[in-house]
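Step one of this worksheet: look at the structure below.
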Amino acid sequence: MSEPMIDRAASFDVADDLDAINRLYRERRWSDGLPIVPPTAARVERMLTHSRRGRHELVARVAPGFGAATVERIAINAVMAGCDPEYLPVLIAATEAVSDPEFNLQGIQATTNPVAVWLVLNGPVAQQLQVNASFNCIGQGHWANATLGRALRLILQNIGGAWPGEMDRATHGQPGKFTFCCAENEQNHPWQPLHVERGFAIGDSTVTVVGAEGTMNMNTHAKGAVELARVIAETMIHPTSNEYVHGGEPWFILGSEHAEIFRREGWDKAAVKRELWERSKMAVKHLSAKEIDRARASRTPELGELRDDTLLPISPRPEDIHLIVAGGPGTHSVYIPCFGNSRAVMRRIDL
């Protein structure tokens, strides 16, 4: 399985017919279930002109099959997803990011959990490529968002070998496994944007990969910082969460109206994180018996003996809670619970 897509494609000569090509890709399971753009030599060559790296240069080995993600193979999947050629550097950086050991791609790709990879773009590249950070930013309607997220999924499947029902053992999956991508709204932001918070310069372009279990809308008309933090924290608490078992890394997309409430009352990002971390602690007794055993195996070195009344923090530290600001106007924010034993990874994009 080291080169899944390339080996399985090697002996096929297909007529230049869109229906025939999509029929072949459907039969060979090289698509995500949606029609693909045929990766002709000419289209792949156009894609490759937007990287300074050699076409056969190895970017990463992609778990769980550990296929070789060369620049050319990334470009092939980018064409299939409908990406514009300018998007290739983002996908190269994202492929490097998901292959970082901190991200735990082996676990993410092979789990029964519905985890999907969420891409977050920061810096000038987001505007250059017109990646949506406003209305419907994690929904439909924007080419860059849709095709970038889709291309990474095809890379994970066709190079990494995570075909549903084979290596990908997700019990149900989720719509984010088709595509999950947005930018942070740095123009309407009360704090430092994510990439600056994580040590990059404001003018750097970055992509962050997050192992996201899904999304939960939080519609609240709370008008004060304390009340807003309380209702968000209480949304985080649920006994079926991987994050309480393992000590996770929850994420939030704060709408601009909610972010403004915190800013107006003088809360910086660190203050919001501390308040959410404290208020979202959950007593061990709310877990099932089996999950208590798992939590003891995972978190005893961190927390000591776990009794029924021990309060489990959702993450080891307040700093492990992450916030971005995005979306259109409205009294909505989004809670994004995560895989638990994975950590987001950010990479600079080599434009």
task: Could you name the lysines whose alpha carbon sits less than 22 Å from that of Lys273, not counting residues in the same chain fewer than 8 places away?
output: Lys223, Lys281
statement: Cα-based Rg then Dmax for segment 73-188, in Å, read 13.8, 43
task: Name the longest site-free stretch of the chain, where the excluded sites are GluC sites (Glu not before Pro) in a DSSP loop with no more than 14 other beta-carbon atoms within 10 Å.
output: 58-264
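Are there chymotrypsin sites (Phe, Trp or Tyr not before Pro) in segment 57-141 that DSSP marks as loop and that have at most 14 other Cβ atoms within 10 Å, and which are they?
Working: sites: Phe66, Tyr87, Phe103, Trp118, Phe135; in loops: Phe66, Phe135.
Passing sites in segment 57-141 are Phe135.
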- line: So the pair-distance distribution of segment 176-221, from every Cα-Cα distance in 10 Å bins, comes to percents of 19, 43, 33, 5
query: What share of all Cα pairs of the chain, in percent, falls into each consecutive 10 Å distance bin?
result: 5, 25, 32, 23, 11, 3, 0
- prompt: For segment 232-314, how big is the tail of P(r) above 23 Å, as a whole percent of Cα pairs?
  reply: 29 percent
- prompt: Counting only Cα, what are the radius of gyration and maximum Cα-Cα distance Dmax of segment 275-318, in Å?
  reply: 10.0, 29
- request: Consider all pairwise Cα distances in segment 29-131 and report the whole-number % of them above 21 Å.
  value: 39 percent
- request: Alpha carbons only, please: Rg and Dmax for segment 126-166, in angstrom.
  value: 12.8, 38
- line: Of all DSSP beta bridges having both residues in the chain, the percent classed as antiparallel (nearest 5) is 75 percent
message: Relative to 2.2 N^0.38 Å, what does the C-alpha radius of gyration of segment 151-271 come to as a ratio? Two decimals please.
response: 1.28
message: Along its three principal axes, how long is segment 66-112 when you only count alpha carbons? Whole Å, largest extent first please.
response: 31, 19, 16
- prompt: For Glu243, what charge total do you get from the other residues with a beta carbon under 14 Å from its beta carbon, if Lys and Arg give +1 and Asp and Glu give -1?
  reply: 0
- request: Scan around Ala283 for amide H atoms under 5 Å from its own, H built in the peptide plane at 1.01 Å from N, and keep only partners 5 or more places away or cross-chain.
  value: Leu312
- request: Once you've got the GNM for the chain with C-alpha springs shorter than 10 Å, pick whichever of Leu152, Leu228, Leu88 has the biggest mean-square fluctuation.
  value: Leu228
- prompt: What is the diffusion coefficient of segment 269-351 in µm²/s, taking the Kirkwood radius over Cα pairs and the Stokes-Einstein relation at 25 °C with a viscosity of 0.890 mPa s?
  reply: 161 µm²/s
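Find, among the trypsin sites (Lys or Arg not before Pro) in segment 260-351, those assigned to loop by DSSP (not H, G, I, E, B) with at most 14 other beta-carbon atoms within 10 angstrom. If you can, show how the numbers build up before the last one.
Numbers: sites: Arg263, Arg264, Lys269, Lys273, Arg274, Arg279, Lys281, Lys285, Lys290, Arg294, Arg296, Arg299, Arg307, Arg343, Arg347, Arg348; in loops: Lys281, Arg307, Arg343.
Loop-located and lightly packed - Arg307.
Every read-out reported here was derived from the displayed coordinates using simple, explicitly stated rules and does not represent laboratory data. Keep in mind that what you see is a predicted model, and the values were worked out from it rather than measured. Note: ideal-geometry Cβ built from the backbone for every residue, glycine included; neighbour counts use all protein chains shown.
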